[in-house]
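Novice: Just dropping this structure here.
The values are calculated or read from the model by the stated rules, or taken from the named source; none is laboratory data. All of these numbers come straight from a predicted model, not from anything done at the bench. For neighbour counting, all protein chains shown are included, and Cβ atoms are generated from backbone atoms with ideal geometry for every residue, glycine included. The accessibility values were calculated without ligands, DNA or RNA, using every heavy atom of the protein model including side chains. Shrake-Rupley method; radii C 1.70, N 1.55, O 1.52, S 1.80 Å.
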Amino acid sequence: MGQLVAIVGRPNVGKSTLFNRLTESRSAIVDDTAGTTRDRQYGKVDWNGKEFSIVDTGGWVVNSEDIFEGEINKQVQVAIEQADEILFVVDAMNGVTDLDDRVAEILRRSKKPVILVANKVDSNDWLYNVPEFYSLGLGEPYPISAVNGFGTGDLLDEVVKKLPEKEDDEEALDDIPKFAIVGRPNAGKSSIINAFIGEDRNIVTDIAGTTRDSIYTRCNKYGFDFYLVDTAGIRKKAKVNEDIEYYSVIRSIRAIEASDVCILMIDATRGIEGQDTNIFSLIQKNKKGLVVCVNKWDLVENKSQEAIKHFENAIRERFAPFVDFPIIFTSAVTKQRIFKVLETAVQVYENRKRVVPTSQLNTVMQEAIAAYPPPANKGKYVKIKYITMLKGSPVPTFIFFCNLPKWVKEPYRRYLENKIRANWDFTGTPINVFMREK
C-alpha cells in the first residue's frame, strides 16, 4: 500500500502551487485569493523510484479569521491522524504569523514526521527571511519556490528520506481478494458493509495493515472468502469530530490503495455527482479494479430496461474513456443483488490476475495490427514485431516491441487496448499498454 503525505498551512502560502509542482500537474486551481481550493486535491509523486500519495488540505471559504483558525486546526488534526508525513508550508515573504505559531504548536505535539517548507523564495533576496522560521521549533526550514521549482528537488529528497518504512504485513493476504467499499456520504456504504458483515457475520480475523488505520476484515460470506478493507474506519466515521469531508477523502485514499477491487457506491436517487467522479479518478490513478453499484434501487419508481440503460450510459459517459466495468443495480437494505456484487467483484479480481499466453497474444494482435497498422509519420512506418504480457505486474501490462515506439500515439494505444479487451476478459480492471524499442 502507498504512503500518504499531507500539505498543511494557513491560506495563501502556496500549498496548491506546491501540490501542482510535486505532482507535475495543474489539477489544483491557483489564485491569490485565500480559500480558493475547495476540493481536496489528491495526486501521486514519483521521485527517484519512490512513489507516494500526496493530498492538499486547502479548501475553506470563510468570512472571519476566527473561522479560519478553527478550520485550519481541524485540517491539521486530521492530517496528523491520517498522514504518514506532513509538509507544513509557510510564507517566506510574510514571515511567521500567529496562525503559523498555532499550527506549529499542534505539529510539535504530534509524533508524525514534519518538514517545514518556507515557500515563495522566488529570488535570493528572500533567503534572508528563512532563518526566522527556526522559531517554530520544527527544525530546519527548507527554502523553496513552488512557482519556479527552486529547492523542490532537495525537498523531495528529504520527504522520501523521512517516509516511514513500509511494513510488509500484506504478504499473507495476496491470494485472497481485498475489496474496498467507497463512495460519497449517504450512498449506502454502511448498509452494504452491514449486509456483508452484519449480525450474522462470519468474520475470520482482523489484520492490521501497513498503517494503524487500515484494517483487513476477513469475511466468509455467501460462499466467498475475501477481505474488506478499512471497514473499521468506515463504521466509526460517525464518531469523528474533525472535518468529515476531508476525513472521508483521506479514508477513501487509504482504502483504495490497500484494495484489489473497489466497489463504488452511487446513490440511485441522486444520480452521478462530482464527488462520484472524483472517487472514480482516485480508483483510476491507483489502477484498481472497479465494480459500480447503483444503490437504493428499491427507492426508484421507474425500473424499466430503458431506465436502466439510460443510467448505465450516463455513468459510462461521465467515467469515459474507461468504460469496460460492470454496473450492478442493488439495494443494500433489502439485500437485492448483494450476491451479484460479490460474485462480480471476485470476477474482476480474477480478471486482474489473468495471464494471456504469448503465442496466443501474438497471433491475435498481429492480425489486428495488420488490419489497422499504426499511422505513418513523415514517410516512416511503425512496425510492431512482437507482443508479450509482463508477468508479476499487479495490473495487466502488455509490451509492444516496435522500431519507433515514440511515434505510436494515444489513439492507437487505445485501439490496441480495445482489441485486447475484445478478445480476453479484462472487464473491470485497467490495463497498461507500453511501446518499447525492439
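Novice: What is the number of the single condition among (1) open to solvent by 20 Å² or more (accessible area, probe 1.4 Å); (2) of a type in the set (Gly, Ala, Ser); (3) touching a Phe, Trp or Tyr at 6+ places or on another chain (Cβ under 7 Å) that Gly139 does not meet?
Specialist: (3)
Novice: Of the numbered conditions (1) open to solvent by 60 Å² or more (accessible area, probe 1.4 Å); (2) β-branched (Val, Ile, Thr); (3) within 29 Å of the chain's Cα centre (by Cα); (4) over 23 Å from Pro177 (Cα atoms), Thr388 satisfies every one except a single condition; which is it?
Specialist: Result: Thr388 fails condition (1) only.
Novice: Of all the residues that make up region 309-336, how many are surrounded by fewer than 18 Cβ atoms within 10 Å (Cβ to Cβ) and farther than 18 Å from Arg421 by Cα?
Specialist: Looking only at that region, the number is 11.
Novice: Could you tell me whether any residue of region 353-372 is within 27 Å of Phe224 (Cα to Cα), modelled with pLDDT of 90 or more and of a type in the set (D, E, K, R)? Please lay out each step first, then the result.
Specialist: Start the filter on region 353-372 by keeping residues that are within 27 Å of Phe224 (Cα to Cα), which leaves 353-356.
So of that shortlist, the ones also modelled with pLDDT of 90 or more come out as 353-356.
Okay, now just the ones that are also of a type in the set (D, E, K, R), so 353-354.
Checking region 353-372: at least one residue is within 27 Å of Phe224 (Cα to Cα), modelled with pLDDT of 90 or more and of a type in the set (D, E, K, R).
Novice: Identify, from the list Val103, Val90, Val117, Val130, the residue that is in a helix (DSSP H, G or I), touching a residue at least 24 places away in the same chain (Cβ under 8 Å) and within 23 Å of Val78 (Cβ to Cβ).
Specialist: On the way: Val90 fails: in a helix (DSSP H, G or I); Val117 fails: in a helix (DSSP H, G or I); Val130 fails: within 23 Å of Val78 (Cβ to Cβ).
Among Val103, Val90, Val117, Val130, only Val103 is in a helix (DSSP H, G or I), touching a residue at least 24 places away in the same chain (Cβ under 8 Å) and within 23 Å of Val78 (Cβ to Cβ).
Novice: Considering only residues that are open to solvent by less than 50 Å² (accessible area, probe 1.4 Å) and modelled with pLDDT under 85, which ones fall in region 43-52?
Specialist: Correct list: Gly43 only.
Novice: Ok, one more. Here's a check for you: in region 142-168, which residue that is at pLDDT below 90 and surrounded by 15 or more Cβ atoms within 10 Å (Cβ to Cβ) is farthest from Ser252 (Cα to Cα)? Write out each step before concluding.
Specialist: First, the residues of region 142-168 that are at pLDDT below 90: 162-168.
Add one more test, that the residue is surrounded by 15 or more Cβ atoms within 10 Å (Cβ to Cβ), and what stays is 162-163.
Details: Lys162: 24, Leu163: 20 Å.
This residue is Lys162.
Novice: To continue, here is another question. Can you pull out the residues in region 342-379 that are in a loop (DSSP other than H, G, I, E, B), more than 32 Å from the chain's Cα centre (by Cα) and surrounded by fewer than 12 Cβ atoms within 10 Å (Cβ to Cβ)? I'd like the intermediate steps shown before the answer.
Specialist: Filtering region 342-379 down to residues in a loop (DSSP other than H, G, I, E, B) leaves 353-357, 372-376, 378-379.
Within this subset, residues satisfying the condition of being more than 32 Å from the chain's Cα centre (by Cα) are 372-376, 378-379.
Passing the criteria: Tyr372, Ala376, Lys378, Gly379.
Novice: While we're here: Can you tell me which residues in region 104-126 are open to solvent by less than 60 Å² (accessible area, probe 1.4 Å), under 24 Å from Asp157 (Cβ atoms) and among the hydrophobic types (A, V, I, L, M, F, W, C)? Break it down stepwise before answering.
Specialist: If we filter region 104-126 for residues that are open to solvent by less than 60 Å² (accessible area, probe 1.4 Å), which is where we start, we get 104, 106-107, 110, 112-121, 123.
Right, trim to under 24 Å from Asp157 (Cβ atoms) and you get 104, 107, 110, 112-121, 123.
Within region 104-126, Ala104, Leu107, Val114, Ile115, Leu116, Val117, Ala118, Val121 qualify.
Novice: Do you know which residues across region 76-103 are buried (at least 16 other Cβ atoms within 10 Å of the Cβ), over 27 Å from the mean Cα position of the chain (by Cα) and of a type in the set (Val, Ile, Thr)?
Specialist: Val96
Novice: Now a separate question. Quick check on Thr334: is it of a type in the set (Val, Ile, Thr) and under 25 Å from Met265 (Cα atoms)?
Specialist: Numbers: of a type in the set (Val, Ile, Thr): yes; under 25 Å from Met265 (Cα atoms): yes.
So Thr334 fits the description; yes.
Novice: Being among the charged types (D, E, K, R), surrounded by fewer than 21 Cβ atoms within 10 Å (Cβ to Cβ), under 18 Å from Ser281 (Cβ atoms) and at pLDDT 70 or above, is that true of even one residue in region 11-34?
Specialist: Yes; the residues of region 11-34 include at least one that is among the charged types (D, E, K, R), surrounded by fewer than 21 Cβ atoms within 10 Å (Cβ to Cβ), under 18 Å from Ser281 (Cβ atoms) and at pLDDT 70 or above.
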